[in-house]
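Down below is the structure, laid out as structure tokens.
The values are calculated or read from the model by the stated rules, or taken from the named source; none is laboratory data. What you see is a predicted model, and the numbers here were worked out from it, not measured in a lab. Ideal geometry is used to build each Cβ from the backbone, glycine not excepted, and the neighbour counts take in all protein chains shown. Accessible surface areas use protein heavy atoms only, side chains included; no ligands, DNA or RNA. Shrake-Rupley method; radii C 1.70, N 1.55, O 1.52, S 1.80 Å.
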Amino acid sequence: MTITKETVAGKIAAYLRHDLSLTELVNWAEDALMEGDFAEDEESTIADAVARLGVADVRAFGLAWEDCEQLLRQLGYAARVDIVAA
């Protein structure tokens, strides 16, 4: 399966919604890097974002909200927060 900017943005969104744990996100990123099947038109941008996600479980790197915002911007997306009654 070819990994696109949309694919990566979707994984980040799932992580931010707590639909995907950090471990699951990192495992996906590591697998994606090993497969290396990135959309050719934006291969370096996608690979850089996936590589950053792949080290998010290392204490020195982590994955803060700001990191997710920056990655999404690099992919051509923006994060938005909606506050709703529980």
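Under 5 Å between amide hydrogens, built in the peptide plane, is the criterion, and for PHE38 it picks out ILE3 among residues at least 5 positions away or on other chains. Along the chain, the exposed loop sites are trypsin sites (Lys or Arg not before Pro) outside DSSP states H, G, I, E and B with at most 14 other Cβ atoms within 10 Å, and the longest stretch free of them is 18-58.
Taking all protein chains into account, the per residue accessible area for the stretch 4-80 stands at 61 Å² (1.4 Å probe).
Shown here for the stretch 1-74: GluC sites (Glu not before Pro) in loop regions (DSSP other than H, G, I, E, B) with at most 16 other Cβ atoms within 10 Å, of which there are none.
Each part gets one Cα centre, and for the stretch 19-41 versus the stretch 47-86 those centres are 13 Å apart.
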